[in-house]
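A.B. asks: My questions will all concern the structure given below.
The values are calculated or read from the model by the stated rules, or taken from the named source; none is laboratory data. Remember, predicted model here, so these are calculated numbers, not experimental data. Here the Cβ is made from the backbone with ideal geometry for all residues, glycine too, and neighbour counts use every protein chain on show.
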Amino acid sequence: MSEYQYYEFQAIDRPLTAEEMEHLRGYSTRAQITPTSFVNEYNWGDFKGDEDAWMERYFDAFLYFANWGTRTLKLRLPARLLDPAVARPYCEGGSITIRPKGGNVILTYLHECDDGGEGEDICADSGWMAQIVPVRAELARGDLRALYLGWLLGAQDGALSDGDSEPSVPAGLGQLSASVQSLADFLRLDPDLLHVAAEASPAREERPLRRDELQVWLATLPASEKDDLLARLIAEVDPALPNELHRRFLRARDAARPEAAPPAKRRTVSDLLRAAEVRRAERQRLAAEKAAAAKARTEREAALARVKHLDRLVGQEAELWANVEDLVATRLPKNYEAAVSLLVDLRDLAVRANEASGFRARLDTLRSACARKTGLLDRLTKASL
């Protein structure tokens, strides 16, 4: 199997300058470089840059996969939008890590395939980055489902101890957004494990922002603070500010609601893996039963169709034998196939009429007459004739 590696970096909050693009060009003459991306494939050799350094300096997202099974995703967010203290409980075991750097945090997801990537079917036009990168905006708005998936990956990959307890289970694990589902698929997260994990996740309430609620909240802010926010919004290039305000509003709105039900008891890694195994076995049992029922139904339908077909041939045996003799005389492979099909019909008609011995005698005569036609004889043998 030849080597294949794919690297894709995305700049989201600000485009690269011409000088930065020129600097990156020095690392590869073949890469596709635009003001918002760096993409390259390697069938030999290796990436000459430093992924972490590039994430610190230039890019907001990085995706990598190799045909030996390694898959990596990195996301950079402002620390004020993803508090490291909130994220760290999900970052145990190494399948997901968080690293603060210069007012930002860099999340890294890492999955190594158990089978070493055997049978891995990946290509540059898979579109993984486009499907997954909206996860970054969801994290910025306070959606922690992608963090929980990272912890769950550690449980799946054996990076956590059996007795380790899960972190807080975010709402909506049973109703993943398209981007979070793509992240689960990219990391090859076990669907059965994800399903049992979601059993402790409350439904996610998707409430659109309402202007009247926003106005009520804004009225509670001091005038000086509102002036400062407006100045920042107009004068500063700060892509994180809208998400920051969005999160502040949601926190204020949630704080005004009645207290939610107490969280469910935390499950251990062992609890989740055992429950996933039970679900997998039950799902496979049901699938096997469904497949067996479908096979039996197909066989019944085929048997009925066969009976009707033979019914239409009753009384035509002499004509069928004549057709067989004409077909085998041509020495054409396609006609041999047609002759064998007719002989199968004649055999089954003979069995129904308790005349199998007569059919066998006539078939033996045909075999003797065609002793030099090895193509025909081979087909007869394969058809058990």
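A.B. asks: Restricting the search to segment 9-19, which residues are in contact (Cβ under 8 Å) with a residue 40 or more places away in the chain and either among the polar types (S, T, N, Q) or not assigned by TED's automatic domain parsing to the domain that holds residue 62 (or both)?
C.D. replies: Scanning segment 9-19 gives a single hit, 10.
A.B. asks: Same structure, new question: When only residues in segment 129-157 that are among the hydrophobic types (A, V, I, L, M, F, W, C) and in contact with an Asp or Glu (Cβ under 7 Å, 6 or more places away or on another chain) count, which is nearest to residue 180 (Cα to Cα)?
C.D. replies: Result: 146.
A.B. asks: Another question about this same structure. Of the conditions (1) assigned by TED's automatic domain parsing to the domain that holds residue 275; (2) loosely packed, with under 14 Cβ neighbours inside 10 Å; (3) among the basic types (Lys, Arg), residue 188 clears all except one; give me its number.
C.D. replies: Here residue 188 clears every test but (2).
A.B. asks: For the condition loosely packed, with under 12 Cβ neighbours inside 10 Å, over 50 Å from the mean Cα position of the chain (by Cα), among the polar types (S, T, N, Q) and farther than 30 Å from residue 192 by Cβ, what is the one hit in 330, 365?
C.D. replies: 365
A.B. asks: From 189, 221, which residue is under 16 Å from the mean Cα position of the chain (by Cα), over 22 Å from residue 86 (Cα atoms) and outside any helix (DSSP H, G or I)?
C.D. replies: On inspection, the qualifying residue turns out to be 189.
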